[in-house]
Amino acid sequence: MEFLIIIITGILAGLLSGAVGFGGGMIIMPVITFFYGVEIAVPTATIAQLMSNLSKAGMGLKDIKWQATGRFLILAAPLTALGAFEFAVVPKQLLTRIVCVFLIMFAILKITGRMRLPKKQGTIIIGGGITGLINGMLGISGPLSSAVFLTLELSPIAYIASEAAAASMMHIIKIIIYHKLDYVNLHLLLNGLYIGFAMILGNFIAMHFIKKINKKRYQKVVAGIMILVSIWLIISV
């Protein structure tokens, strides 16, 4: 029964992250935490999300904006590593709530059409740096990186695949750091793998349905879900 619950949860998480680019961790983390505890949940979810993001990047490979993804990772990669080393000591509740407030503000501005960040290289580089640091410290990557990639006004598939490519690199870095800090073992790896395969199934279904969605409407839907996810995180942490 435990295995079945986790697999179904993984599929649902894949459906959400495949449709809007984030939120999978929000679904699988509480379930993994319930069965195994929080110390196991974070590394396990990281492995599962790495598989999920690699699959999304692969499904949308031809649409990935590699220059934007590369610029995002200039600061995101090293600051993810720095944040991961601080994972055990940062005040997670306070920082998570602060981040969520900013995400809600961003999403509201996006929905109302008032989000006018300059479309320059510096915007995505700085956004990547902030995302990487917070991702490493708190394990929150999807909503933050999605907020940065939404400013590029990409098509749904290009947005999902480009964000997933960047997220994959950040997850790889975190797994390496967690391994060095003895947070990853064979049991964690196997759990992360079978949850990841379930998420991939959900990703495949979701990405099949978003190909023909209107870009402007889709971005507002993503921003709306970002608000709901942020409120949920504020309440639950």
* Does region 189-217 hold any residues that are crowded, with 19+ Cβ neighbours inside 10 Å and of a type outside the set (A, V, I, L, M), and which are they? -> ASN191, GLY192, GLY196, GLY202, ASN203
* Structure fact -> Exactly one of LYS220, LYS216 is without any contact (Cβ under 8 Å) to a residue 40 or more places away in the chain, charged (D, E, K, R), in a helix (DSSP H, G or I) and closer than 25 Å to GLY127 by Cβ, and that residue is LYS216
* Structure fact -> The one condition ILE8 fails out of (1) of a type in the set (A, V, I, L, M, F, W, C); (2) surrounded by 15 or more Cβ atoms within 10 Å (Cβ to Cβ); (3) part of a helix (DSSP H, G or I) is (2)
* To do: Tell me the helices (runs of 4 or more DSSP H) entirely within region 110-213 that contain at least 2 residues that are closer than 16 Å to LEU79 by Cα.
  => 121-138, 142-150, 156-180
* Asked: Of all residues in region 19-69, how many are over 18 Å from MET137 (Cα atoms), touching a Ser or Thr at 6+ places or on another chain (Cβ under 9 Å) and of a type in the set (Phe, Trp, Tyr)?
  -> 2
* Structure fact -> Within region 15-39, the residues that are part of a loop (DSSP other than H, G, I, E, B) and free of Cβ contacts under 8 Å to residues at least 60 places away in the same chain are GLY37
* Restricting attention to region 51-64, report how many residues are touching a residue at least 60 places away in the same chain (Cβ under 8 Å) and either among the hydrophobic types (A, V, I, L, M, F, W, C) or surrounded by fewer than 20 Cβ atoms within 10 Å (Cβ to Cβ) (or both). => 7
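Condition check ((1) touching a Leu at 6+ places or on another chain (Cβ under 6 Å); (2) within 25 Å of TYR36 (Cα to Cα)) across all residues:
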residue	(1), (2)
SER145	no, no
LEU150	no, no
SER162	no, no
SER168	yes, yes
LYS174	no, yes
ILE177	no, yes
ASP182	no, yes
* To do: State which residue pairs qualify: first residue of a type in the set (D, E, K, R) and inside region 157-179, second residue assigned to a helix (DSSP H, G or I) in any location, beta carbons under 6 Å apart, and separation of 6 or more residues or different chains.
  => GLU163/SER145; GLU163/SER146; GLU163/PHE149; LYS174/THR46; LYS174/ALA84
* Kindly establish whether MET51 is more than 19 Å from GLY128 (Cβ to Cβ), in contact with a helix residue (DSSP H, G or I) (Cβ under 8 Å, 6 or more places away or on another chain) and assigned to a helix (DSSP H, G or I). => yes
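Every read-out reported here was derived from the displayed coordinates using simple, explicitly stated rules and does not represent laboratory data. Remember, it's a predicted structure, so these values are computed and weren't measured experimentally. So basically every Cβ, Gly included, is an ideal-geometry build from the backbone, and we count neighbours across all protein chains shown.
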